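Student: Structure in structure tokens, see below.
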Amino acid sequence: MMMQKLTAIKLLHTLVWLIIGPSIVYMVYSAAIGQINVFTWIGVALSIGEAIVILVNKWTCPLTPIAARYTEDRSPNFDIYLPRWLAKYNKHLFTPIMVAGWLLVLWRVVL
């Protein structure tokens with residue numbers, strides 16, 4: 001039963017990542033080429049929501065401590081189905097990309 005709960009949390013966490021991660025990348029891409037559209041704004045909204053959730057939870061995903069209840073494993077990807085290196089450096093990689101995206105969108109909208 002504990003393994004089923006951990007699997008469900010990992011699947012949910014991965015699904016959220018598979019929505020937000022590409023949304024952030026698309027936000028940057030569309031702003032970089034000057035094609036701001038509804039999907040750009042979805043990326044902005046999702047990334048701002050993600051940033052708020054991460055900041056409120058002291059720089060961690062709220063699913064991580066829930067997953068931790070069901071395993072002793074603390075490898076970088078114990079709570080998500082991502083390669084270990086990506087899980088480990090996820091915030092380090094996506095935070096600057098996200099901020100760059102916000103700045104590019106702001107620049108495109110203002111100019």
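Values in this text are rule-based calculations from the coordinates and carry no lab data. For clarity, every value in this text was computed on a predicted model and none was experimentally measured. Neighbour counts are summed over all protein chains in view; Cβ atoms, including those assigned to glycine, are modelled from backbone coordinates with ideal geometry.
Student: For the chain, with only Lys/Arg (+1) and Asp/Glu (-1) charged at the beta-carbon, what is the dipole magnitude about the Cα centre, in debye rounded to 20?
Tutor: 140 debye
Student: Take Asp73, Asp79 and order them by how many other Cβ atoms sit within 10 Å, fewest up front.
Tutor: With the fewest neighbours first, Asp73, Asp79 line up as Asp73, Asp79.
Student: What Kirkwood hydrodynamic radius, in Å, does the chain give when the mean of 1/r is taken over all pairs of distinct Cα atoms and then inverted?
Tutor: Evaluated on the chain, it is 14.9 Å.
Student: Below 8 Å between Cα atoms, with a sequence gap of 6+, how large is the relative contact order for region 21-110 in percent?
Tutor: Relative contact order for region 21-110 comes out at 40 percent.
Student: Restricting to DSSP loop positions (anything but H, G, I, E, B) with no more than 11 other Cβ atoms inside 10 Å of their own Cβ, which trypsin sites (Lys or Arg not before Pro) remain in region 49-85?
Tutor: Answer in residue order: Lys58, Arg69, Arg74.
Student: Be a star and scan region 49-73 for residues whose amide nitrogen sits under 17 Å from the point 7 Å along the Cα-to-Cβ vector of Gln4.
Tutor: Counting only backbone N, you get 70-71.
Student: Moving to a separate point now. Using the 10 angstrom Cβ neighbour count as an exposure proxy, how do Leu15, Leu86 rank, fewest first?
Tutor: Leu15, Leu86
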